[in-house]
Amino acid sequence: MSHDHYDASFIRDILGTVKTIALLGASPKPERPSHGVMGFLLRKGYRVIPVNPGLAGKQIHGQTVVATLADIAEPVDMIDVFRAPEYLEQVVDEALALDPLPKVIWGQLGVRDDHAAERAEAAGIRVVMDRCPAIEYPRVMA
């Protein structure tokens with residue numbers, strides 16, 4: 001799949017069907033984009049599980065932080081990645097170890113690795129890169 005452009009229907013289908021989102025790279029700092037996006041997703045009714053190894057056990061937006069994707073005790077529909085692009089390959093490795101697999105891996109603005117995306121897609125995981133759900137949601141769900 002080309003990741004240069006996404007049809008609105010593709011994004012709408014993802015945002016309209018996922019329920020539980022692991023937010024990788026969550027931050028308690030209000031000035032950080034991950035903090036704002038997490039709050040936005042919670043206000044839209046998604047269950048958001050913050051993932052940050054340095055903050056495990058603490059709270060962000062009233063949600064308990066876990067250290068890794070493997071520490072999440074429930075199935076995750078989508079992994080929202082706030083990490084540098086060079087870590088996307090590792091995120092895919094961690095996602096492929098989950099059972100059941102997530103339906104979507106979403107790389108935030110600036111997060112793109114086509115090889116990592118190919119690996120995830122070969123396993124049946126949909127991939128969005130270099131986009132933000134807090135920007136896409138009002139555009140496609142309005």
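The values are calculated or read from the model by the stated rules, or taken from the named source; none is laboratory data. What you see is a predicted model; the values in this text were computed from it and never measured. Cβ: placed from backbone, ideal geometry, glycine included. Neighbour counts: every protein chain shown.
Tabulated data for the structure shown
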item	result
Boolean, ARG43 is over 25 Å from ASP113 (Cβ atoms), modelled with pLDDT of 95 or more and of a type in the set (Lys, Arg)	yes
All positions within the stretch 56-92 that are within 14 Å of the chain's Cα centre (by Cα) and of a type in the set (Ser, Thr, Tyr)	THR68, TYR87
Boolean, ALA95 is of a type outside the set (D, E, K, R) and more than 14 Å from the chain's Cα centre (by Cα)	no
Per-region count, the stretch 88-111, residues over 18 Å from ALA123 (Cβ atoms) and either surrounded by fewer than 16 Cβ atoms within 10 Å (Cβ to Cβ) or of a type in the set (A, V, I, L, M, F, W, C) (or both)	3
Qualifying residue in the stretch 46-68 (condition: closer than 12 Å to PRO133 by Cβ and modelled with pLDDT of 95 or more)	yes
Where a residue in the stretch 90-104 is free of Cβ contacts under 8 Å to residues at least 60 places away in the same chain and its partner, wherever it lies, is surrounded by fewer than 16 Cβ atoms within 10 Å (Cβ to Cβ) and not in a loop (DSSP other than H, G, I, E, B), with Cβ under 8 Å and at least six apart	GLU94/ALA70; ALA97/ALA70; LEU98/ALA70
Lone unmet requirement of (1) part of a helix (DSSP H, G or I); (2) out of contact with any helix residue (DSSP H, G or I) (no Cβ under 7 Å at 6 or more places or on another chain) for GLY124	(1)
